[in-house]
1. Stick to Cα atoms and the Kirkwood definition of Rh, then tell me Rg/Rh for the chain.
2. Using only DSSP helix segments of four residues or longer, with each worth -39500 (n - 2.57), what per-residue ellipticity at 222 nm results for the chain after dividing by its residue count and rounding to 500?
3. What residues have an amide H closer than 5 Å to that of residue 356, excluding those fewer than 5 places away on the same chain, when H is modeled at 1.01 Å from N in the peptide plane?
4. Would you list 111, 94, 383 from fewest to most Cβ contacts within 10 Å?
5. Separation of segment 377-395 and segment 94-139 by C-alpha centroid, Å?
6. Rank these for me by crowding, 251, 405, 12, 379, going from fewest to most other beta carbons within 10 Å.
7. Using each residue's phi in segment 375-390, evaluate 6.51 cos²θ - 1.76 cosθ + 1.60 at θ = phi - 60° and report the 3J(HN,Hα) Karplus result to the nearest Hz, with x for Gly and Pro.
8. Report the calculated FRET efficiency for residue 215 and residue 327 (r = Cβ-Cβ distance, R0 = 51 Å), to the nearest 0.05.
Amino acid sequence: MSPPTSAPHRITPRQVAAAVAGNALEFYDFTVYATFASQIGAAFFPAKTPFVSLILTLATFGVGFLLRPMGAVIIGRFADRRGRREAMMLSFAIMGVSILGLALTPTYAQIGPVAPLLVLVWRLGQGFGLGGEVGSTTAFLVEAAPIEARGLYAAWQGGSQNIANLVGAGVGLLFTTFAGAAALEAWGWRTAFLLGALALPFGLLLRQALPETLHHREAPTKSQPQATTLRAGAPVLAKGLALVASSTVSTYVFAYLTTYAIKTLHIPTIAALGATAVSGTCGLVGGLAGGVLADRLGRRTMMIWPRLVFLLATWPVFWVIVDRHDAPSLLIGTAILTFSSALSTSAVFVGLAESLRKEVRVVGLGTVYALAVAVFGGTTQPIIATLVHVTGDPLSVAWYTVAATLIGLIASLTMQETLPRPETIEAVIPTV
């Protein structure tokens, strides 16, 4: 490993965009997959009932999460030894190829059982690549950002996923409005995935020009005790696992809103897609606001209070949506929940990153995220779909979300504050 050098130059907006491109591609993929779940099910998982087809589609979506922890460990160790940029290039390439492969896979009617097997392979590849993506890019943003603005820079990690949700919702709305049901099943959903795959060459080109932050000086301070090994960081990683798991459940509940609104509440498709757009907009605004506040008020403060508000609001908001089952209640409720949930996102990731030294930052942060998403991201949508189907109670979605949020709130209360103090900032910013 090269010896530490001086602090990196301030990165440009273009470089921030290149860093978060992978996260954006991930959530564009998720939004498109959730939006066109019925069409994907018809193409690859024909079944006697629409429910079975939907569950098979969502389960295959969840299978992709199984390789995330492996990707987090393998690509994470690579990032902690060789550099953030090379790891980000690798993970982004794997993700892009997997999306392209899914879009080009023939249907079950064309090649039989080989079709769902190929879909499974692409989802596993996607999961492996994504396992190494979040840790590498979050570490890069925290290390490259001005120390007094780490929260804001890291907020673009979540902001990118909300922009991707907006784009995905827009694509879904466009195809749903101007293409008929037959066209959506024949080529509409494939075209949506191919549009995402177009980001592959541009993302790789932009990432190639990113500065490397692994070897830049990062002074340890008494006010910010940081673990230099995974064993030393085990307590904070355990808390981080609970925090990320809690947020993951909320994220994938929001991602399922389109299908939930259409299939369960029988709200018109246009309104349901509008909820996805509202979720992306409010998540973006809330995430960036939360990043700014995390730099002002502290990481721990912004982990606790927004989560408490979200906890108290979840059941009443879902009750109104289910009771009224109309577009205004769905859109307003979605806005309230996504904004309050997004406020804590940046604080969680920056707080975890600041609790680990560079030697284990990517593998630690990435593994926590991958485990949480593997267990809860891949299972949330099938679980809530099954709960609604078995119980006949649309509010079972709310109860599941409340339980996960409560676990995250308890974990946030045990976290230590890592916001750099004035003397800390002076210690790590080189004099000119």
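1. Ratio of gyration radius to Kirkwood radius: 0.97.
2. Working: 21 runs with 327 residues, N = 432.
Dividing the helical sum by the residues of the chain leaves -25000 deg cm²/dmol.
3. It is 227, by chain and number.
4. Taking fewest neighbouring Cβ atoms as first place, the list is 111, 383, 94.
5. Between the Cα centre of segment 377-395 and that of segment 94-139, the gap is 24 Å.
6. 12, 379, 405, 251
7. For segment 375-390, the Karplus-derived couplings read 7, 9, x, x, 9, 4, 5, x, 5, 5, 5, 5, 4, 5, 5, 6 Hz, x marking Gly and Pro.
8. Numbers: r = 53 Å, r/R0 = 1.03.
Efficiency computed from Cβ-Cβ geometry: 0.45.
Taken together, the values in this text are just the output of simple stated rules run on the coordinates, not laboratory data. Model, not experiment: these values are computed from the prediction. Every residue, glycine as well, gets a Cβ built from its backbone with ideal geometry; the counts of neighbours run over all protein chains shown.
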